[in-house]
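Engineer: One structure follows; several queries about it will come next.
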Amino acid sequence: MISFRLATSADDPSIRDLLDAARLPSSDVATAGQDFIVAVDGRDLVACVGLEVRGEDGLLRSFAVEERRRGVGLGRELYRRILAQSALRGVKTAYVLTTTLERFCVRHGFERIERSAFPVALTESAEFRTLCPVTATCMRKRLNLEPRHFPADVLRLRPDVPGAAMWAVALERTMLTYFELEPHACFERHGHASEQITMVLEGELFFEVNGDDEIAVRTGEVIAVPADVPHAVRTGDRPARAVDAWSPIRSDLLR
């Protein structure tokens, strides 16, 4: 059973072995400074794709599938996930250097560009400077000009306030967040310049507004909070799950 996940440093040796078998550069692979999505079958790492982020630009790299696993759609699934990861990292334009995947990239909306059109920050990567041959095809795709799909395994929860974990997805002017909250979690009184609409998916959230006035928002209910209105939020004796829509986006909630 194939599953997908974000790689950790423990995966570095297996990623290098996979790239070596595919005759792709591997000497600079380090998940400490790069994002890798890997496909695993049990304990076996069978496919990978990497991402190096420089501001709003991202270099897609190290795309490899174990030879006996090719032709079953693993490459397509990895590609979907690395684009989602790129969006979560704030990448607006993706770049590729390739000697073998030009047709795949064209099929997925990339355009061929001159090597001189690469962003300066990406030209400083080892992949560009020394590892990928100068004969490699250079390609580019504007990610912020098309819909973005986020498979569930890419939307990883991360800690927020004590007792709460969340993920966030944003466009230019709109953002969605998802929260899982333990009992008695609390967001202290605060305000923000963004309008907020919260729907409770499970449990209850208690919004304190106007001093002592508290509103209980239960499963399936919604509360809309205008910009700059001070409020506090807490859970009661039960855990809760909720989604929030925001406009404009709150950059402090993005990764």
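Just so you know, all these numbers are worked out from the coordinates, no wet-lab data involved. Small disclaimer: the values here were computed from a predicted structure and weren't measured. So basically every Cβ, Gly included, is an ideal-geometry build from the backbone, and we count neighbours across all protein chains shown.
Engineer: Report the one residue of Ser125, Val229, Pro151 whose Cα lies farthest in the direction of the positive end of the charge dipole of the chain (charges on C-beta: Lys and Arg +1, Asp and Glu -1; origin at the Cα centre).
Structural biologist: With unit charges placed on the Cβ atoms, the residue in question is Ser125.
Engineer: Sorted from fewest to most neighbouring beta carbons within 10 Å, what does the list Ser3, Ser62, Ser247 look like?
Structural biologist: Arranged by neighbour count, lowest to highest, Ser3, Ser62, Ser247 become Ser3, Ser247, Ser62.
Engineer: Okay, moving on. Rounded to whole Hz and in sequence order, give me ³J(HN,Hα) for region 123-140 from the Karplus expression 6.51 cos²θ - 1.76 cosθ + 1.60, θ = phi - 60°, writing x for Gly and Pro.
Structural biologist: 5, 7, 6, 4, 4, 6, 5, 9, 7, 9, x, 5, 7, 4, 6, 9, 9, 8
Engineer: Ile2's amide H: which non-local residues (gap 5+, or another chain) put their own amide H closer than 5 Å, with H modeled 1.01 Å from N in plane and none for Pro or chain starts?
Structural biologist: none
Engineer: Only Lys, Arg, Asp and Glu count, each charged at its Cβ (+1, +1, -1, -1), so figure out the dipole size of the chain about its Cα centre, rounded to 20 debye.
Structural biologist: Computed charge dipole of the chain: roughly 1340 debye.
Engineer: Rounded to the nearest 0.05, what FRET efficiency do Arg148 and Ala245 give with R0 = 22 Å and r taken as the Cβ-Cβ distance? Could you check?
Structural biologist: It comes to 0.85.
Engineer: Could you list Glu124, Glu182 in order of exposure, starting from the residue whose Cβ has the fewest other Cβ atoms within 10 Å?
Structural biologist: Ranked by crowding around the Cβ, least crowded first: Glu124, Glu182.
Engineer: Something else about it: Compute the FRET efficiency between Arg70 and Val161 as 1/(1 + (r/R0)^6), taking r as their Cβ-Cβ distance and R0 = 35 Å, and round to the nearest 0.05.
Structural biologist: Plugging the Cβ-Cβ distance into 1/(1 + (r/R0)^6) gives 0.20.
Engineer: Assuming R0 = 51 Å, what is the FRET efficiency of Ala126 and Ile2, from their Cβ-Cβ distance, to the nearest 0.05?
Structural biologist: After rounding, the FRET efficiency stands at 0.95.
Engineer: Once you list every other residue whose beta carbon is under 14 Å from the beta carbon of Ala227, what net charge do they have if Lys and Arg are +1 and Asp and Glu are -1?
Structural biologist: Local net charge: -1.
Engineer: While we're looking at this one, here's another question. To the nearest 10 degrees, how steeply does helix 12-21 sit against the main Cα axis of the chain, on a 0 to 90 scale?
Structural biologist: Helix 12-21 sits at roughly 30 degrees to that axis.
Engineer: Same structure again: Sorted by mean Cβ packing within 10 Å, highest first, what order do the peptides 18-30, 151-163, 78-90 take?
Structural biologist: 78-90, 18-30, 151-163
Engineer: I've got another one for you. Taking amide H positions as placed in the peptide plane 1.01 Å from N, state which residues far from Ser62 in sequence (5 or more) or on other chains have amide H under 5 Å from it.
Structural biologist: The list, which skips near neighbours in sequence, is Gly50.
Engineer: Please state the charge dipole magnitude for region 2-148, taken about the Cα centre, from unit charges on C-beta atoms (+1 on K and R, -1 on D and E), reported in debye and rounded to the nearest 20. Could you put the intermediate results ahead of the total?
Structural biologist: Values: 23 positive and 20 negative charges, 109 e Å.
Value, rounded to 20: 520 debye.
Engineer: Now for a different question. Looking at the square roots a ≥ b ≥ c of the eigenvalues of the Cα gyration tensor of the chain, which shape do they give, rounded for a/c under 1.5, prolate if a/b is larger than b/c, or oblate?
Structural biologist: Numbers: a/c = 2.78, a/b = 1.99, b/c = 1.39.
Because a/c hits 1.5 or more and a/b exceeds b/c, the chain counts as prolate.
Engineer: Any idea how far apart Glu172 and Ala10 come out in nm if each label point goes 7 Å out from Cα toward Cβ?
Structural biologist: 4.3 nm
Engineer: Still on this structure: Using θ = phi - 60° and the Karplus relation 6.51 cos²θ - 1.76 cosθ + 1.60, list the HN-Hα couplings for region 90-98 in order, rounded to whole Hz, with x at every Gly or Pro.
Structural biologist: In residue order, the calculated couplings are x, 6, 9, 9, 9, 10, 9, 10, 8 Hz.
Engineer: A further question follows. Between region 155-197 and region 65-103, how far is it from one alpha carbon centroid to the other, in angstrom?
Structural biologist: Region 155-197 and region 65-103 have Cα centres spaced 29 Å from each other.
Engineer: What is the helix-to-structure angle for 74-88, meaning the angle in degrees between its Cα long axis and the longest Cα principal axis of the chain, kept from 0 to 90 and rounded to the nearest 10?
Structural biologist: 50 degrees
Engineer: In nanometres, what is the gap between the two model label sites at Ile197 and Glu114, each 7 Å from Cα along Cα-to-Cβ?
Structural biologist: With each label point 7 Å from Cα toward Cβ, the separation is 4.7 nm.
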